[in-house]
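**Student:** Here it is: the structure, laid out below.
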Amino acid sequence: MRTALYTSFLPLGGSLGLKQLHSLGTGLGQAMWTCLPRRRQETTQNIHARLGVDLGTAQDLAKKSFIHSAQAFLEIFHTRYMDPRFLASRVEFENPEFFAAACSSSRPALVATAHLGSWELLVGLMNAGVAKKTCQVIVRLPKDQALASMIRHMRSQPGIDILGHRDAATSVLSYLRQNGLSAFLVDHNCQRAEAVFLPFLGKTAAVNKGPALLALRSKALVWPLFLLRLPQGKFRLVTLPPLDTITLVGDRQERIVEICRFYTQAVEQMVLRYPEQWFWMHRRWKTQP
């Protein structure tokens, strides 16, 4: 039953243009703001504490984050329409030389991104801009199998291999060792067994060490990459300088921590630049040492 219900959304969502999806997302975000008072209060308090802004400013940023996040989730229906023409007409590049190097590198490449900006569209843009034959995207799929199947279907396309994070390690390591490119969302909370504890926006957070371990074992370059929303249906693709894991010193645990610190600080830097575009509803600091 749920499978049929979720599947019915596919033709509807796929028939909408990006502008229509954003309008729908605005309405959905406003409805969530109204109907989820506990999450609304929690998000406002987190922004107030983590950014050091007054409560009025925090509430304004929180509402914008609700709307932005709803728009970002609905952009999954547009992922398959990303192509080189979209890159040329709608995307401006910050540090284009880094993006070109990440896309064409003969070294293993681990892309670290976040639930920031238009993260669903970033999947499609990787396919449009990367010279490698295929890219892996590792995601946390919901426990609802029917919903997970729909999400995997919407994100999958020629040249993009979607992997659930629970069973991905062996495949990712093998692929990276063949000089492949694998992308991870690195800003979510995780269990203690999976975590390195590091400061994030001034408070200790559980940082997933899985991507760092895979990058270290494959001797990969770690590239922070983000797609931010601009006015008038435009976007900014930000590629930050990479970390070369070959250059790290210390024992294995020290190097893992250094990689985790690198991509956590990259996410923090971008959240501070675009606070209204981060998924503040997520309970990022839930797991503590």
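The values are calculated or read from the model by the stated rules, or taken from the named source; none is laboratory data. What you see is a predicted model, and the numbers here were worked out from it, not measured in a lab. Ideal geometry is used to build each Cβ from the backbone, glycine not excepted, and the neighbour counts take in all protein chains shown.
**Student:** What about Ile246, is it assigned to a helix (DSSP H, G or I) and either in contact (Cβ under 8 Å) with a residue 40 or more places away in the chain or hydroxyl-bearing (Ser, Thr, Tyr) (or both)?
**Tutor:** Against the criterion (assigned to a helix (DSSP H, G or I) and either in contact (Cβ under 8 Å) with a residue 40 or more places away in the chain or hydroxyl-bearing (Ser, Thr, Tyr) (or both)), Ile246 does not qualify.
Table: residues versus (1) under 20 Å from Trp223 (Cβ atoms); (2) modelled with pLDDT under 85; (3) not polar (S, T, N, Q).
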{"position": "Val111", "(1), (2), (3)": "yes, no, yes"}
{"position": "Ala114", "(1), (2), (3)": "yes, no, yes"}
{"position": "Gly117", "(1), (2), (3)": "yes, no, yes"}
{"position": "Leu125", "(1), (2), (3)": "yes, yes, yes"}
{"position": "Lys132", "(1), (2), (3)": "yes, yes, yes"}
{"position": "Val139", "(1), (2), (3)": "yes, yes, yes"}
{"position": "Met150", "(1), (2), (3)": "no, yes, yes"}
{"position": "Asn179", "(1), (2), (3)": "yes, no, no"}
{"position": "Cys190", "(1), (2), (3)": "no, no, yes"}
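**Student:** From the list Asp54, Asp83, pick out the single residue that is of a type outside the set (S, T, N, Q), over 29 Å from Val123 (Cα atoms), out of contact with any Phe, Trp or Tyr (no Cβ under 6 Å at 6 or more places or on another chain) and surrounded by fewer than 18 Cβ atoms within 10 Å (Cβ to Cβ).
**Tutor:** One residue alone meets the criteria, Asp54.
**Student:** Can you name the number of the only condition in (1) within 27 Å of Asn46 (Cα to Cα); (2) in contact with a strand residue (DSSP E or B) (Cβ under 8 Å, 6 or more places away or on another chain); (3) surrounded by fewer than 20 Cβ atoms within 10 Å (Cβ to Cβ) that Lys234 fails?
**Tutor:** Only one criterion is unmet by Lys234, namely (1).
**Student:** State whether one or more residues within the stretch 170-187 are aromatic (Phe, Trp, Tyr) and assigned to a helix (DSSP H, G or I).
**Tutor:** Checked the stretch 170-187: at least one residue is aromatic (Phe, Trp, Tyr) and assigned to a helix (DSSP H, G or I).
**Student:** Name the residues in the stretch 22-74 that are in contact with a Lys or Arg (Cβ under 9 Å, 6 or more places away or on another chain) and either of a type in the set (Asp, Glu) or assigned to a loop (DSSP other than H, G, I, E, B) (or both), would you?
**Tutor:** Glu42
Here's the yes/no breakdown for (1) of a type in the set (A, V, I, L, M); (2) at pLDDT below 85:
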{"position": "Met1", "(1), (2)": "yes, yes"}
{"position": "Tyr6", "(1), (2)": "no, yes"}
{"position": "Pro11", "(1), (2)": "no, yes"}
{"position": "Leu28", "(1), (2)": "yes, no"}
{"position": "Arg38", "(1), (2)": "no, no"}
{"position": "Thr44", "(1), (2)": "no, no"}
{"position": "Ser69", "(1), (2)": "no, no"}
{"position": "Arg90", "(1), (2)": "no, no"}
{"position": "Phe93", "(1), (2)": "no, no"}
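**Student:** Can you pull out every residue in the stretch 103-115 that is touching a Gly at 6+ places or on another chain (Cβ under 9 Å) and assigned to a helix (DSSP H, G or I)?
**Tutor:** Cys103
**Student:** Sticking with this structure for a sec: Which residue pairs have Cβ atoms closer than 7 Å, lie 6 or more positions apart in sequence or on different chains, and pair a first residue in the stretch 170-192 that is farther than 29 Å from His282 by Cα with a second residue that is in a strand (DSSP E or B)?
**Tutor:** Between residues of the stretch 170-192 that are farther than 29 Å from His282 by Cα and residues that are in a strand (DSSP E or B), the close pairs are Tyr175/Gln136; Tyr175/Ser182; Leu176/Leu110; Leu176/Ser182; Gly180/Gln136.
**Student:** Would you point out which residue out of Arg217, Arg252 is more than 19 Å from the chain's Cα centre (by Cα), crowded, with 16+ Cβ neighbours inside 10 Å and basic (Lys, Arg)?
**Tutor:** So the residue among Arg217, Arg252 that is more than 19 Å from the chain's Cα centre (by Cα), crowded, with 16+ Cβ neighbours inside 10 Å and basic (Lys, Arg) is Arg217.
**Student:** Next question, about the same structure. Which condition from (1) among the hydrophobic types (A, V, I, L, M, F, W, C); (2) on the phi < 0 side of the Ramachandran plot; (3) touching a helix residue (DSSP H, G or I) at 6+ places or on another chain (Cβ under 7 Å) is the one that Val249 breaks?
**Tutor:** Status for Val249: all satisfied but (3).
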